[in-house]
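**Student:** A single structure is presented below for examination.
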Amino acid sequence: MSTVVILTTLLAALLHASWNAMAKGAADKHLSMAGVIIGHLPYAVLGLFLAPAPDPAAYPYLLGSLVFHFGYQIFLINAYRLGDLTQVYPVARGIAPLIVAVVSVTLLNVVLGWPEVLAVVLIGTGLLSLGLVRGSGGARNPKAALVAAVTGCFIAGYSLVDGLGARAAGTAVGFYSWAAIGNAVVFAVFLRLRKPGTLRRLFTPEGRFVLTVGGLASYIAYVLVVWGFTQAPIALVTALRETSIVFALFIGVVFMKERLDVFKLGSTFLTLIGAILLRFAR
C-alpha cells in the first residue's frame, strides 16, 4: 500500500466513525440515518459529471451493493437504538474479517496458516466478550451485540461487492456515485412507507445539519475507501479501515460520555488487533 492510500484510508476511518457517532447521538435514529444517506445525493450527482460512467460489467455489483448497504443501514439503526457506540461499533466493524476468513476456508478452499488462525481466534474472542460488556446504565446488553454482529455481516458483503464492482467499473467515483444515488432512493422509499413524515423533517434545523455535515462526511469516507480498493488489495484496505474502531471508542468516551472500563477497552483492541493481523498475516 502506498503512503497516499494509507493516509486516505485513515482519513476515511475517522470520517466514518464521526458520522456513526452523529447517528448514534441523534434522538431520532431514522432521521439521522436518512440525513446521512440522502445527504449523499448532491455529491453523488456531482461525481457523475466528474467521473466516467461505470462499465456495464459492474451493473450486477451495483445491484448487490444496494442490497447489502440497505441491510446494513436498517440493522445499524436498530443496533444504535439498543446499545452504546463503544459496544455496537467495534462488533459491527470487527466481524467482517472473521466472516471473510470463514467463507474462504469453507467455500473457497483457502488454507489458513497459524497467523490467520490466531487472528480468527482473537476476533472471535473480542466479539464474544463485547457481547458481555456493560452499557451506560451498567447493564449487560447481548441483544445489541447480536444486532451489531448481523450489521457486520452486511458490512462484509458490501465491502467485497463494492471492491470488485469498482474494479469492474473502471472508476471508483463513478461506481459509488451511482450506488449512492440508488441507495438514497431505496432508503427514501423505505422511509415513506415505514416512517411517514421523516423526509419532511430533513429540512428542520436538526435534519439540515445531518443532511449537510453527515452526508458529506459519509460520502467522502466511502469514496476514499472504494478508491483504495482499486489501488491496493481489498483485504488490506478493509483492515486499515478497521482503525475506525479506535476513533469510535475515543469519540464515544470523550464526547458522548459513555462508560469505559478495562473490559470494554480490552475487547475493542482485541478485535482490532485480530482484524489487522488477519489481513496482514500473509
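Derivation of every value follows stated rules applied to the coordinates shown; laboratory data play no part. Note that the coordinates shown come from a computational prediction; the quantities given were computed from them, not determined experimentally. Note that each Cβ is placed from the backbone with ideal geometry, even for glycine, and that neighbours are counted across all protein chains shown.
**Student:** Given only helices, namely DSSP H runs of n ≥ 4 each adding -39500 (n - 2.57), what is the per-residue ellipticity at 222 nm of the chain, to the nearest 500 deg cm²/dmol?
**Tutor:** Calculated at 222 nm, the ellipticity per residue is -25500 deg cm²/dmol.
**Student:** When you count, for each residue, the other Cβ atoms within 10 Å and take the mean per peptide, how do 191-198, 214-221 rank with the highest first?
**Tutor:** The most tightly packed comes first, giving 214-221, 191-198.
**Student:** What is the Cα radius of gyration of segment 1-48 over 2.2 N^0.38 Å, N being its residue count?
**Tutor:** In units of the globular-protein estimate, segment 1-48 measures up at 1.42.
**Student:** To continue, here is another question. Determine the equivalent ellipsoid of the chain by diagonalising the alpha-carbon gyration tensor, then write out the semi-axes as square roots of 5 times the eigenvalues, largest first, rounded to whole Å.
**Tutor:** Listed largest to smallest, the semi-axes of the chain are 27, 25, 16 Å.
**Student:** Compare the peptides 10-16, 52-58 by average per-residue count of other Cβ atoms within 10 angstrom and give them in order, highest first.
**Tutor:** In decreasing order of mean packing, 10-16, 52-58 become 10-16, 52-58.
**Student:** Same structure, new question: Rounded to the nearest 0.05, what FRET efficiency do Val246 and Ser2 give with R0 = 30 Å and r taken as the Cβ-Cβ distance? Could you check?
**Tutor:** The value I calculate is 0.85.
**Student:** Excluding same-chain residues fewer than 8 positions from Lys29, which lysines have a Cα within less than 16 Å of its Cα?
**Tutor:** Filter leaves Lys195.
**Student:** Between Gly182, Gly174, Gly39, which gets the highest mean-square fluctuation from a Gaussian network model of the chain, Cα cutoff 10 Å?
**Tutor:** Between Gly182, Gly174, Gly39, it is Gly182 that shows the largest mean-square fluctuation.
**Student:** If the only charges are +1 at each Lys and Arg Cβ and -1 at each Asp and Glu Cβ, what is the size of the charge dipole of the chain around the Cα centre, to the nearest 20 debye?
**Tutor:** Charge dipole, the chain, about its Cα centre: 700 debye, nearest 20.
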